[in-house]
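Participant: Sharing a structure, written as structure tokens. Questions coming.
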Amino acid sequence: MMGFHSALAECGRLKGRIGRGWQDEACEGAWPMLLDDIEIFTVISETKSLSQAAERLYMSRPGLSQKIANIEARYGTKLYVRTSTGVVPTAAGQIVTKFAKKIATLETALSAELAAVDEHFDSTIEVGMSMNDGVALLPALVKRFHDLHPDALVHLDAGYEPELMEKLKSGKLDFALLENQPLDDGISRETLGYKRLLFCAPDRPPYNSVPQPVKIETLLEWPMIIYEWNSGRHMVGNRHFRERYNLSLTDHNMVARFDTHEAMVNGAKAGLGWASIPECVAERYRNEPGLIWFKIDTDPMRYPVDLAWHTGRVISPLALEFKDFIRDNVPAGYFHGRG
């Protein structure tokens, strides 16, 4: 996008090339007397027809011709050549059209920025929301809390665990709903309950022809789609295999890393490999064509869902009330065990 000083420089170049009819005050004001003309130049460049341009501009054909004549008189040069098929810009007309388009772009950007001045959201509660259980749980709880507190403006800041932890520690969040037990200094947590990781694969051989539960050795051979590397899901799975089998996820046949579970499901459907999916996401794809859900020969892989907050942040009474409201209003049966 053309900056203000660049626009003035272009204005100066245009003055020098077009010449006699250009007045110094026009450049000094960054083309103030031509703002009404900008749309004329851009529309004519698109239609290449005075009749069509006049129709789009809601002007008469003679009125548009007179307007162009006035502009040409102001510049002191011919801007368009009339032909039997329309109008063609002269060399000077090409320069003016190019400059008009740049100014139109700047004007659009200015309008957007001015509109954004009034488009602000002064939240009263800042909540970090994990990408899976946070997304599944919190929106409905915000609705119920807002019914009790209509003045509460809740910002649900969605992100991955490492990102949310940094925001907690920097004081940008009142608290967060996370899917991995945070152990960082200064972070307190309360476990709401536990959810499972489920396993999906393409509905094709060899995945749909192996007896269940699938052996760990077989699972290691199959190509695996890994979730966002530093997520709670990754940490839970890694701990599970390390503690029980002295294996790391790096021992798996990893073929791709996708940073959303929707992408992982689509990757599995396409035949790329298998993936571990949080229960709250898997419920949306239970009957998805092209997928199978299988068990593996190990204990259920459960992960904690925690409320976490920084002990050094002063949390408003309303935010504290919302935190307690979340704990006390999780839908019955959502967790397999409560903290």
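Participant: Exactly one of these conditions fails for Glu288: (1) closer than 26 Å to Gln212 by Cα; (2) in contact with a Pro (Cβ under 9 Å, 6 or more places away or on another chain); (3) among the acidic types (Asp, Glu). Give me its number.
Facilitator: (2)
Participant: Report every pair of residues separated by at least 6 positions or lying on different chains whose Cβ atoms are under 6 Å apart, first residue within the stretch 282-303 and more than 23 Å from Ala136 (Cα to Cα) and acidic (Asp, Glu), second assigned to a loop (DSSP other than H, G, I, E, B) and modelled with pLDDT of 90 or more.
Facilitator: Taking only residues 6 or more apart or on different chains, the pairs are Asp297/Pro213; Asp297/Lys215.
Participant: Here is a follow-up. Please count how many residues of the stretch 65-94 are out of contact with any strand residue (DSSP E or B) (no Cβ under 7 Å at 6 or more places or on another chain) and within 15 Å of Glu46 (Cα to Cα).
Facilitator: 3
Participant: On to the next question. Among the residues of the stretch 155-174, is any open to solvent by less than 60 Å² (accessible area, probe 1.4 Å), touching a residue at least 60 places away in the same chain (Cβ under 8 Å) and part of a strand (DSSP E or B)?
Facilitator: No: zero hits.
Participant: With a cut-off of at least 3 residues that are of a type in the set (Asp, Glu), name the helices (runs of 4 or more DSSP H) lying wholly within the stretch 244-331.
Facilitator: 317-328
Participant: So Arg204 ticks every box in (1) modelled with pLDDT of 95 or more; (2) assigned to a helix (DSSP H, G or I) but one. Which box is left unticked?
Facilitator: Evaluating Arg204 over (1) modelled with pLDDT of 95 or more; (2) assigned to a helix (DSSP H, G or I) leaves (2) as the failure.
Participant: Further question: Which of the residues spanning the stretch 47-80 are outside any helix (DSSP H, G or I) and either open to solvent by less than 20 Å² (accessible area, probe 1.4 Å) or out of contact with any helix residue (DSSP H, G or I) (no Cβ under 8 Å at 6 or more places or on another chain) (or both)?
Facilitator: Lys48, Ser49, Tyr58, Leu79, Tyr80
Participant: Just one of Leu137, Leu219, Leu177 is in a helix (DSSP H, G or I), within 26 Å of the chain's Cα centre (by Cα) and touching a residue at least 60 places away in the same chain (Cβ under 8 Å); which is it?
Facilitator: Just a single option satisfies the conditions, and that option is Leu137.
Participant: Further question on the same structure: All but one of (1) open to solvent by less than 70 Å² (accessible area, probe 1.4 Å); (2) modelled with pLDDT under 90; (3) farther than 22 Å from Arg244 by Cβ hold for Met301; which doesn't?
Facilitator: In the conditions (1) open to solvent by less than 70 Å² (accessible area, probe 1.4 Å); (2) modelled with pLDDT under 90; (3) farther than 22 Å from Arg244 by Cβ, Met301 misses (3) alone.
Participant: Which of (1) open to solvent by 20 Å² or more (accessible area, probe 1.4 Å); (2) under 18 Å from Met131 (Cα atoms); (3) out of contact with any Asp or Glu (no Cβ under 9 Å at 6 or more places or on another chain) does Ala332 not meet, given it meets every other one?
Facilitator: (2)
Participant: When only residues in the stretch 277-298 that are in contact with a Phe, Trp or Tyr (Cβ under 8 Å, 6 or more places away or on another chain) and open to solvent by 70 Å² or more (accessible area, probe 1.4 Å) count, which is farthest from Asn246 (Cα to Cα)?
Facilitator: Once the filter is applied, the top-ranked residue is Arg286.
The values are calculated or read from the model by the stated rules, or taken from the named source; none is laboratory data. Owing to the predicted nature of the structure, the values given are computational and were not obtained by experimental measurement. Ideal geometry is used to build each Cβ from the backbone, glycine not excepted, and the neighbour counts take in all protein chains shown. Just the protein is used for accessible areas: all its heavy atoms, side chains included, with ligands, DNA and RNA removed. Shrake-Rupley method; radii C 1.70, N 1.55, O 1.52, S 1.80 Å.
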